[in-house]
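The values are calculated or read from the model by the stated rules, or taken from the named source; none is laboratory data. This one's a predicted model, so the numbers in the text were calculated from it and none came from an experiment. FYI the Cβ positions are ideal-geometry reconstructions off the backbone, even for glycines, and counts take in every protein chain you see.
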Protein chains: 2
Amino acid sequence: MKNRVFIKGLSSHIGKTVAIAGWVSVRRDQGKMVFFDFRDMTGNVQGVVLTKSPALDAAKEVTVESAVQVGGVINKRPLKNVQADKQNGDIELQIESIEMLSKAQTLPFELGTELNLDTHLDNLPLTLRTQRSRDIFEMQSSILEAYRASLKRQHFTEFEAPALVGGDAEGGAAAFKVEYFKDTVAYLATSPQFYKQIMVGPFERAFTVAKIFRAEKSATTRHLSEATCLDFEMGFIESEREPMAILEKAIQDTVQAVAEQHADIFKRFNTSPPKIPGPPAGGIPILTLAEAHETLGVAPEPDMAPEHERGICEWAKKEKGSDFVFITRFPTAKRAFYTYEDPTEAPLSRGFDLLFRGLEINSGAQRIHDYDSLIGRMNERGLDPEKFAFYLQAFKYGMPPHGGSSTGLERFTARMLEIANVKEATAFPRDMTRIDTRLSE
Amino acid sequence: MKNRVFIKGLSSHIGKTVAIAGWVSVRRDQGKMVFFDFRDMTGNVQGVVLTKSPALDAAKEVTVESAVQVGGVINKRPLKNVQADKQNGDIELQIESIEMLSKAQTLPFELGTELNLDTHLDNLPLTLRTQRSRDIFEMQSSILEAYRASLKRQHFTEFEAPALVGGDAEGGAAAFKVEYFKDTVAYLATSPQFYKQIMVGPFERAFTVAKIFRAEKSATTRHLSEATCLDFEMGFIESEREPMAILEKAIQDTVQAVAEQHADIFKRFNTSPPKIPGPPAGGIPILTLAEAHETLGVAPEPDMAPEHERGICEWAKKEKGSDFVFITRFPTAKRAFYTYEDPTEAPLSRGFDLLFRGLEINSGAQRIHDYDSLIGRMNERGLDPEKFAFYLQAFKYGMPPHGGSSTGLERFTARMLEIANVKEATAFPRDMTRIDTRLSE
């Protein structure tokens, strides 16, 4: 809009007439005067319509959340009214004109009130405007940017993995069926795994930000039908330790970026940027699964129960000063079919999980790179190699030892701000009961 | 891998023993000596196994595309053998050991031979390794990065739009059906349009890199069943000219970035970075649809035919020195239902297309922001507002005048390198006849 001044820059216009545009966050009608809080993408400012303002009639019409264009003069506030800790806390817009761009109907609830999750989700086009939601998704946007930038610096090439696939590739998680052309059935990808492995061939190091879809009938705080994963894969490794090092660097870079950019958001969420021990303590602690159970004083198990994930994270925080902890050496039988197992280490695999503040946010491994071994593993698991013919081409023609990992963006975001339910860290969450609106029974 | 040296840095190791890891691109067995070209993610180098090398037996076993670890000494080449225009053209690796990491079977064809598209696509895990494919997807990775970075600098917040939706939102393009929970049917998104409009509420300026799915029975060089779009939307605009300006800046920034990074790729594709006229000529030329037809000397039509898209691009290149051209003022009836039409401009809309080297790569518009007008338009088009209840919330509660656009990543990439078929600019293309492998009849 012509001559619009962004709210962030208003304090350099003291004494001058300006035009702003934005939403009405707050309206306080004191009869002779009307006070407003306005917001645009750069921030907030208070405005006042004085008794004799030509805008007084218009001000009476303005509702909360209306989109408006406002003209007026920027005044310094008297010292007693200055709010030093607030953006533009030392100025006020003395309003001379209000143009209604789009009048909001009466809100169904006051914006920012604590709502139950279903009401929040039923009203996302409105509730995403709250400070809390804007904080969450501003954080998520920064995580995406920082994570990708770190992988780029570590020489990874980004590619687009497909969402439509020909079969339920992993043979594990339930896949959604799609009616495709020629009466064929396609599926929604449960992982970009095969495609990132294939991309090791052209690029040696490849990453993708991909949608994954799981038809699991789970209604927990950690499950989504559609999620976003940050996946990478790299060639010419000696063990799972190399992808773990790449991942750790990406996590470190991301944490550093959001700590620098979003001190205010961490504060509003009553938490702080996660800690990773620096040298000489040496980064994210690594425990084998057996060590983790021993540390917790519980019986060995083939996997981590959710309460043990929480327990070992508490231990890592207290004893190692780390909000993250790696768990390695899960039994091969508990991992995806393509997970590498060194003969000297059987029946344990080269898989790993990364836990963050009580929750698994990442899973990775060294993979099988030898064609015959991979066929052997498929046969062991009752999988038909014929169905994997496309994928197997990569292994026929020289696949180096390789590995990688997959981070759940929504889980990472949720734990970053200590949000209990991953659905709140998903802009438009899909689950068993909902796609935007609730599914009818 | 331990002590591995990346190929790019080999020239600083002259006279020293090094270990490299990578693929065998070329193998020339001269009986007493064997020559190799090796490649890793940083480049290419020539190696030679001399008659008395302990690696001679191993060298006889090595096949093209095998993944290998190679030890040897970096020698300067004699002056007469120097290839100045090639990476590492002044050095050679004198090989002393070869460790086979993964032996490639005999290739079905020589890598780099010109293949028909179906053969290329049938063998992607192999053919994506060609110089040509690596170039295309290196370019695509850079486009993604530069485009997002430009939007970030222009104050846009990135978000994740969903791929699973409750209905065929646009009411136009055919949507794929998904078997969802509770015997309900979901659809694959044909556009992130509604979600980015909703995101104007929280962020004023929002963008997403999203997958879109079209069940159109089209088998042209420009159609895909699954494509990636670069979508943005912004609030508080006066007309479509503001999103056009944002888009032009993003395109300019992207072109500048890839021109700087990929001179070699443009050269290999026998093309050059696209031109956008600088000041004072003033950027990408803008023609109304009527002006475009007049310029071409053809009868007015309500849309651009593919041959006219090509014609007007030729005109823009020749007369304006621009590889891009904007077309505006399409009839409202030809555009999506949410397209804004100013009463003084009816029956023309505030929609626009961006053409690039003969092909439409982007479509955008100012949108309807007024709730009642939007309901009115839905009714005119025979759409049931009840089905859009979730989306309509955004308009009930103060939606400013807004607009945005959507760029097809694969089309943008294809035209950047003047590739005839958009499928070649898609890592794993899906169409009527194929998901990785060909669909059975």
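Residues A:367, A:310: which one is surrounded by 13 or more Cβ atoms within 10 Å (Cβ to Cβ), in contact with a His (Cβ under 7 Å, 6 or more places away or on another chain) and not polar (S, T, N, Q)?
On inspection, the qualifying residue turns out to be A:367.
On the basis of being facing chain A (nearest Cβ under 9 Å), of a type in the set (Phe, Trp, Tyr) and surrounded by 16 or more Cβ atoms within 10 Å (Cβ to Cβ), does residue B:207 make the cut? Show your work before the answer.
Details: facing chain A (nearest Cβ under 9 Å): no; of a type in the set (Phe, Trp, Tyr): yes; surrounded by 16 or more Cβ atoms within 10 Å (Cβ to Cβ): yes.
No: the conditions fail for residue B:207.
Being within 25 Å of residue B:238 (Cβ to Cβ) and without any contact (Cβ under 8 Å) to a residue 12 or more places away in the chain is the filter here, so list the residues in the stretch A:3-55 that pass it.
Answer for the stretch A:3-55, where residues must be within 25 Å of residue B:238 (Cβ to Cβ) and without any contact (Cβ under 8 Å) to a residue 12 or more places away in the chain: just A:12.
Looking only at the stretch A:102-130, how many residues end up being in a loop (DSSP other than H, G, I, E, B), facing chain B (nearest Cβ under 9 Å) and of a type in the set (Gly, Ala, Ser)?
Count: 1.
How many residues are under 39 Å from the mean Cα position of the chain (by Cα) and either within 14 Å of chain B (Cβ to nearest Cβ) or not aliphatic (A, V, I, L, M) (or both) if we restrict to the stretch A:30-58?
Kept after step one, since they are under 39 Å from the mean Cα position of the chain (by Cα), are these residues of the stretch A:30-58: A:35-48.
Filter once more, so that each one left must be either within 14 Å of chain B (Cβ to nearest Cβ) or not aliphatic (A, V, I, L, M) (or both): A:35-44, A:46-47.
Count: 12.
Among the residues of the stretch A:372-414, write down those that are outside any helix (DSSP H, G or I), at negative phi and loosely packed, with under 15 Cβ neighbours inside 10 Å.
Correct list: A:381, A:384.
Could you check how many residues of the stretch B:296-353 are touching an Asp or Glu at 6+ places or on another chain (Cβ under 7 Å) and part of a helix (DSSP H, G or I)?
Matching residues across the stretch B:296-353 total 4.
For the condition closer than 22 Å to residue A:176 by Cβ, more than 10 Å from every other protein chain (Cβ to nearest Cβ) and among the small types (Gly, Ala, Ser), what is the one hit in A:408, A:404? Outline the logic, then answer.
Details: A:404 fails: closer than 22 Å to residue A:176 by Cβ.
So the residue among A:408, A:404 that is closer than 22 Å to residue A:176 by Cβ, more than 10 Å from every other protein chain (Cβ to nearest Cβ) and among the small types (Gly, Ala, Ser) is A:408.
Given the residues B:365, B:414, B:389, B:333, which is the only one that is more than 30 Å from residue A:202 (Cα to Cα), in contact with a Lys or Arg (Cβ under 9 Å, 6 or more places away or on another chain) and small (Gly, Ala, Ser)?
Numbers: B:414 fails: more than 30 Å from residue A:202 (Cα to Cα); B:389 fails: in contact with a Lys or Arg (Cβ under 9 Å, 6 or more places away or on another chain); B:333 fails: in contact with a Lys or Arg (Cβ under 9 Å, 6 or more places away or on another chain).
Exactly one residue qualifies, and that residue is B:365.
Determine the pairs where a residue that is without any contact (Cβ under 8 Å) to a residue 60 or more places away in the chain, located within the stretch A:174-193, has a partner that is assigned to a helix (DSSP H, G or I) with Cβ atoms under 9 Å apart, the partner being 6 or more residues away or on another chain.
A:189/A:195
Residues to consider are B:306, B:273; find the one that is closer than 20 Å to residue B:416 by Cβ, modelled with pLDDT under 95 and within 22 Å of the chain's Cα centre (by Cα). Even if it seems obvious, please write down each step before you answer.
On the way: B:273 fails: modelled with pLDDT under 95.
After applying the criteria, what remains is B:306.
Can you go through B:268, B:241, B:222, B:214 and tell me which one is within 30 Å of residue A:104 (Cα to Cα), basic (Lys, Arg) and assigned by TED's automatic domain parsing to the domain that holds residue B:323? Talk me through it step by step, then tell me what you get.
Details: B:268 fails: within 30 Å of residue A:104 (Cα to Cα); B:222 fails: within 30 Å of residue A:104 (Cα to Cα); B:214 fails: within 30 Å of residue A:104 (Cα to Cα).
Only one candidate passes the filter, namely B:241.
Regarding the stretch A:425-441, can at least one residue be identified that is within 14 Å of chain B (Cβ to nearest Cβ), in a helix (DSSP H, G or I) and at pLDDT 95 or above?
Let us first name the residues in the stretch A:425-441 that are within 14 Å of chain B (Cβ to nearest Cβ), namely A:425-441.
Narrowing the set further to residues that are in a helix (DSSP H, G or I) leaves A:425.
Checking which are at pLDDT 95 or above leaves us with A:425.
Yes, that holds for at least one residue.
When you look at residue B:433, is it hydroxyl-bearing (Ser, Thr, Tyr), within 22 Å of residue A:180 (Cβ to Cβ) and in contact with a Phe, Trp or Tyr (Cβ under 7 Å, 6 or more places away or on another chain), yes or no? Talk me through it step by step, then tell me what you get.
Values: hydroxyl-bearing (Ser, Thr, Tyr): yes; within 22 Å of residue A:180 (Cβ to Cβ): yes; in contact with a Phe, Trp or Tyr (Cβ under 7 Å, 6 or more places away or on another chain): no.
Spelling it out, it is not the case that residue B:433 is hydroxyl-bearing (Ser, Thr, Tyr), within 22 Å of residue A:180 (Cβ to Cβ) and in contact with a Phe, Trp or Tyr (Cβ under 7 Å, 6 or more places away or on another chain).
Can you find a residue in the stretch B:63-70 that is closer than 30 Å to residue B:421 by Cα, at pLDDT 95 or above and in contact with a Leu (Cβ under 8 Å, 6 or more places away or on another chain)? Quick ask: steps written out before the conclusion?
Going through the stretch B:63-70, the residues closer than 30 Å to residue B:421 by Cα turn out to be B:64-65.
Cutting the leftovers down to at pLDDT 95 or above gives us B:64-65.
Next, from what is left, pick out any that are in contact with a Leu (Cβ under 8 Å, 6 or more places away or on another chain): B:64-65.
Yes, the stretch B:63-70 contains a residue that is closer than 30 Å to residue B:421 by Cα, at pLDDT 95 or above and in contact with a Leu (Cβ under 8 Å, 6 or more places away or on another chain).
Consider residue B:194 carefully, then state whether it is within 22 Å of residue B:389 (Cα to Cα), buried (at least 22 other Cβ atoms within 10 Å of the Cβ), of a type outside the set (Gly, Ala, Ser) and more than 7 Å from chain A (Cβ to nearest Cβ).
On the way: within 22 Å of residue B:389 (Cα to Cα): yes; buried (at least 22 other Cβ atoms within 10 Å of the Cβ): yes; of a type outside the set (Gly, Ala, Ser): yes; more than 7 Å from chain A (Cβ to nearest Cβ): yes.
Criteria met by residue B:194.
A quick yes/no check of all residues on (1) closer than 24 Å to residue A:198 by Cβ; (2) in contact (Cβ under 8 Å) with a residue 40 or more places away in the chain; (3) touching a strand residue (DSSP E or B) at 6+ places or on another chain (Cβ under 9 Å); (4) of a type in the set (A, V, I, L, M, F, W, C):
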{"residue": "A:351", "(1), (2), (3), (4)": "yes, yes, yes, no"}
{"residue": "A:378", "(1), (2), (3), (4)": "yes, yes, no, yes"}
{"residue": "A:381", "(1), (2), (3), (4)": "yes, yes, no, no"}
{"residue": "A:438", "(1), (2), (3), (4)": "no, yes, no, no"}
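Which of the residues spanning the stretch B:131-182 are more than 8 Å from chain A (Cβ to nearest Cβ), modelled with pLDDT of 95 or more and farther than 23 Å from residue B:255 by Cβ?
Result: no residue meets the conditions.
In the stretch B:213-228, what residues are among the hydrophobic types (A, V, I, L, M, F, W, C) and surrounded by fewer than 24 Cβ atoms within 10 Å (Cβ to Cβ)? Lay out the reasoning, then the answer.
Kept after step one, since they are among the hydrophobic types (A, V, I, L, M, F, W, C), are these residues of the stretch B:213-228: B:213, B:215, B:219, B:224, B:227.
Across the stretch B:213-228, the qualifying residues are B:215, B:219, B:224, B:227.
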